[in-house]
Amino acid sequence: MDKEDIIKNYEDILRKYNILNQISKTVASTLDLNRILHIILTGVTFGNGFGFNRAFLFLIDHNEKNLIGKMAIGPATEEEAWQIWGSIQQKNSSLEEFLNSEDFIKNLESEILNERFRNIKISLENQKILLQCLNDGLPRRVDLTLKNNQFQSQFQSQPKPAAQFQNDFISDSAQIEDELLNLIDYPKFCIIPLISRTKKVGIMIVDNKFNKREITKDDINYLLMLSQFAASSIRNTVIYNDLKDSLSALSQLNVKLTDLNTKLSYLKEYNEKIIESIPISIIVIDNNFEVTLCNENCSGIMKVDKSRIIGKKIDTHKIYLDGGIDLVSEIKRVMNDKKQKVFYKVAISFEDHASDDIFDVVIAPLKITEENPEGVVLVIENITETVKLQKAINDLKRFSELGQLSATVAHEIRNPLIVIGGYANRIKKRLNEGKKIDSRNLDLIINEIRRLEKIVYDILDYAADKEIEFARVDLSLLLSECIDFAEISSERNNISITIECGMEFIEQEKMYMYGSYDKLKQAFINVLNNAIEASHTNDLVKFYINRVKDEGEDWVYLKVNNKAVLANKDDIYNIFLPFYTTKLKGTGLGLTITKRIIEQHSGIIEAESSQEHGTTFIIKLPLIN
Amino acid sequence: MKKILVVEDEMPIRNLYKEELADEGYEVITAPDGVAGYEMFKKEKPDLITIDLKMPNMNGLELLDKIRREDKVIPIIIYSAYGEFTQNFSTWAADEYLVKSSDLSEFKNKVKELLVKKAS
């Protein structure tokens with residue numbers, strides 16, 4: 001090699017390093033992926049640069065399963081090739097000038113090869129040469145014009161290749177992906193892997209399809225150097241763009257979150273407003289007996305500011321219901337039993353302040369999950385107005401009944417009056433005639449007067465507007481007295497009586513209710529008497545007592561059954577009406593009074609009658625602890 | 001002696017009518033309800049019948065209907081504490097409808113009147 005050749009050689013090396021330097025500087029100035037790819041490919045194909053005829057760039061997808069065609073530069077035909085090179089050589093500009101020129105920026109999207117190439121997809125799954133390149137990070141030279149043996153001999157005649165490229169010759173098309181062969185459509189090209197550190201980025205393919213120049217070892221060395229910073233620039237840009245996308249997605253998410261938050265706080269406010277405005281007191285108490293919620297109405301009836309209730313233990317307050325029932329102990333009991341408790345029509349005293357108002361009180365376990373109640377909710381409703389209204393309705397009902405009553409009474413007292421008047425006339429007539437008087441006639445008059453007195457007594461009892469005095473009633477004691485009465489009365493009337501659930505049951509059960517001892521006794525005895533008097537001699541009367549506990553409610557059931565059957569179907573509906581009687585004795589007011597007493601005690605009384613079972617009266621009354 | 005059947009469920013009233021009519025010189029037989037009243041009518045062949053309306057087992061209107069199907073001419077007096085039944089067509093089959101009173105003179109007059117009418 002003479003001196004001139006050596007100088008020329010060094011000039012070429014310098015020029016190529018200069019190109020690398022120019023490309024790297026330009027690439028570093030942008031974060032636009034398309035622009036970076038364009039700069040790299042232009043550098044590779046530029047006449048004053050590396051001067052390859054065509055260059056193709058693939059990027060690997062996120063799963064590393066496919067290579068996707070991103071950009072290709074080079075003429076599509078030989079004719080076009082001469083045109084492009086001609087125009088660039090005329091301008092004779094340097095690569096750096098060209099990359100910054102308007103021509104370059106304008107032509108960014110107009111390369112002809114791009115049309116065919118962009119978005120072409122080559123799968124790496126068949127494990128051919130592209131995947132091998134990416135795995136070992138080494139470039140490959142492809143020459144499909146050589147047969148294997150030719151290649152061997154030619155290779156041997158050439159200077160010994162650098163150690164690192166010993167396996168870089170590919171002459172068998174079977175080793176190459178079909179999509180790639182179809183795309184390049186030229187038997188000699190070079191494959192350069194783009195790898196940033198250990199991360200696979202993509203593949204660059206170059207060839208000299210139009211001037212047919214052989215690709216040299218030096219070419220590959222320069223391309224490898226280029227590929228190093230090309231790969232890291234591309235990778236950085238991809239990471240940057242991914243980050244940018246994530247950031248924009250995040251900020252959109254943030255907008256949605258803010259929106260959701262606004263809706264949530266609206267809903268919260270909405271619920272709170274409902275709880276605050278309902279005319280019912282609500283207190284929520286957690287497992288530690290601490291009040292977590294209390295509405296305005298509640299602080300109103302407790303006459304204590306909300307701040308003195310919320311966050312404080314409930315047992316710092318003294319709250320008592322009628323009959324000295326301690327509400328706080330009841331709350332603790334519900335917390336343990338997890339069973340709802342209800343107190344109807346009770347007066348409440350808060351911290352020793354009592355009012356005349358009447359309340360319904362419900363203590364319910366607060367169920368967050370089925371097994372694990374989070375506490376209790378206490379609901380207190382002021383029903384004073386409702387009770388007043390109910391009383392007004394009852395008064396009206398009684399007046400209307402009194403109207404019907406007076407018509408019936410007129411008839412009921414007519415028969416005794418006829419007897420009394422009739423016998424009085426008869427006695428007077430016989431006295432006038434000087435005849436003897438039968439004292440049995442006077443007995444008849446006296447009996448009828450007694451009957452009238454009884455009617456008057458019952459009417460007064462029925463019409464009396466007396467408030468019943470309510471107190472705690474020992475129902476077990478009361479029922480044992482009623483059983484004594486029933487046994488004596490049935491014996492006197494020659495009726496047999498059976499009592500189911502006898503004294504032992506009654507003494508064990510310790511049943512209490514809230515009401516009037518005397519009134520309840522009157523009601524029970526009326527029903528028992530009714531059954532005994534309506535029975536025929538030697539008939540059987542049955543008296544059942546039963547207690548039913550259900551869902552925190554506690555009831556006593558009394559049933560009185562006899563063999564008598566009501567002749568008329570309507571009797572069962574009319575039996576509680578005033579003066580409706582199927583008996584020869586009696587005023588027809590007993591069951592009417594009984595029904596009213598039971599209803600005053602929040603109970604229910606019903607009658608059933610059938611040929612098969614006779615007639616049964618059923619009384620159901622609520623018990624207290 | 002004329003025979004009168006008194007059908008009435010209330011014992012004191014039944015006795016009162018019986019004693020008062022006996023004083024007038026009639027033979028008086030009694031029944032406490034409609035069923036017994038019909039049996040007496042068949043068995044005793046009375047000359048006149050007095051019937052109360054409100055009675056157990058068979059009421060006065062049913063009894064009246066039953067008797068009138070067999071005997072169109074026997075004098076029958078209905079007497080009741082309830083005046084409103086005069087509006088009821090069924091009661092028209094009776095010769096008289098009287099509202100009960102402690103003064104039995106009108107009742108006794110009607111009995112006499114109807115027996116005389118029957119005889120003529």
Filter segment B:69-107 for residues that are surrounded by 16 or more Cβ atoms within 10 Å (Cβ to Cβ) and more than 27 Å from A:Pro416 (Cα to Cα); which is farthest from the other protein chains (Cβ to nearest Cβ)?
B:Ile74
Of the residues that make up segment A:11-22, is at least one touching a strand residue (DSSP E or B) at 6+ places or on another chain (Cβ under 6 Å) and part of a helix (DSSP H, G or I)?
no
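Residues are listed down the side, and each one gets a yes or a no for (1) in the same structural domain as A:Leu131 (by TED's automatic domain parsing); (2) surrounded by 15 or more Cβ atoms within 10 Å (Cβ to Cβ); (3) under 60 Å from the mean Cα position of the chain (by Cα); (4) farther than 30 Å from A:Glu80 by Cβ:
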position	(1), (2), (3), (4)
A:Lys200	yes, yes, yes, yes
A:Glu214	yes, no, no, no
A:Leu223	yes, yes, no, no
A:Ser227	yes, yes, yes, no
A:Leu243	no, no, yes, yes
For segment A:549-556, state whether one or more residues are in the same structural domain as A:Thr498 (by TED's automatic domain parsing) and modelled with pLDDT of 85 or more.
yes
Across segment B:11-41, what is the total count of residues that are within 12 Å of chain A (Cβ to nearest Cβ) and either touching a residue at least 12 places away in the same chain (Cβ under 8 Å) or within 17 Å of B:Gly60 (Cα to Cα) (or both)?
11
Got a number for residues in segment A:400-410 being among the small types (Gly, Ala, Ser) and either within 13 Å of chain B (Cβ to nearest Cβ) or buried (at least 17 other Cβ atoms within 10 Å of the Cβ) (or both)?
2
Any residue that is touching a residue at least 24 places away in the same chain (Cβ under 8 Å) and not assigned by TED's automatic domain parsing to the domain that holds A:Asp356 - is there at least one of those in segment A:386-393?
yes
Given the conditions (1) of a type in the set (A, V, I, L, M, F, W, C); (2) free of Cβ contacts under 8 Å to residues at least 60 places away in the same chain; (3) surrounded by fewer than 19 Cβ atoms within 10 Å (Cβ to Cβ), every one holds for A:Trp555 apart from (2)
Given the criteria assigned by TED's automatic domain parsing to the domain that holds A:Asn21, over 19 Å from A:Lys200 (Cβ atoms) and at pLDDT 80 or above, does A:Phe52 qualify?
yes
Among (1) among the charged types (D, E, K, R); (2) more than 11 Å from chain A (Cβ to nearest Cβ); (3) under 12 Å from the mean Cα position of the chain (by Cα), which single condition is B:Glu8 missing?
(2)
Of all residues in segment A:411-445, how many are within 11 Å of another protein chain (Cβ to nearest Cβ), assigned to a helix (DSSP H, G or I) and more than 20 Å from B:Lys100 (Cα to Cα)?
3
Given the criteria of a type outside the set (Gly, Ala, Ser), at negative phi and part of a strand (DSSP E or B), does A:Asp356 qualify?
no
Scan (1) surrounded by fewer than 19 Cβ atoms within 10 Å (Cβ to Cβ); (2) modelled with pLDDT of 85 or more; (3) basic (Lys, Arg) for the single condition A:Lys585 breaks and write down its number.
(2)
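So which residues in segment A:588-610 are part of a loop (DSSP other than H, G, I, E, B) and modelled with pLDDT under 85, if there are any at all?
A:Gly588, A:Leu589
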Considering segment A:337-353 alone, what residues qualify as being on the phi > 0 side of the Ramachandran plot and touching a strand residue (DSSP E or B) at 6+ places or on another chain (Cβ under 6 Å)?
A:Lys338
For B:Glu44, indicate whether it is within 13 Å of B:Ile4 (Cα to Cα), charged (D, E, K, R) and more than 14 Å from every other protein chain (Cβ to nearest Cβ).
yes
Qualifying positions in segment A:125-151 - modelled with pLDDT of 85 or more and part of a helix (DSSP H, G or I)
A:Ile129, A:Leu130, A:Leu131, A:Gln132, A:Cys133, A:Leu134, A:Asn135, A:Asp136
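Do we find that B:Met1 is touching a Leu at 6+ places or on another chain (Cβ under 7 Å), more than 13 Å from chain A (Cβ to nearest Cβ) and under 30 Å from A:Leu442 (Cβ atoms) in this structure?
Spelling it out, it is not the case that B:Met1 is touching a Leu at 6+ places or on another chain (Cβ under 7 Å), more than 13 Å from chain A (Cβ to nearest Cβ) and under 30 Å from A:Leu442 (Cβ atoms).
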Expected single match for out of contact with any helix residue (DSSP H, G or I) (no Cβ under 9 Å at 6 or more places or on another chain) and modelled with pLDDT under 90 among B:Lys100, B:Lys118, B:Lys18, B:Lys112 is B:Lys118
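The values are calculated or read from the model by the stated rules, or taken from the named source; none is laboratory data. Predicted model, so just to flag it, every value in this text is computed and none were measured. Ideal geometry is used to build each Cβ from the backbone, glycine not excepted, and the neighbour counts take in all protein chains shown.
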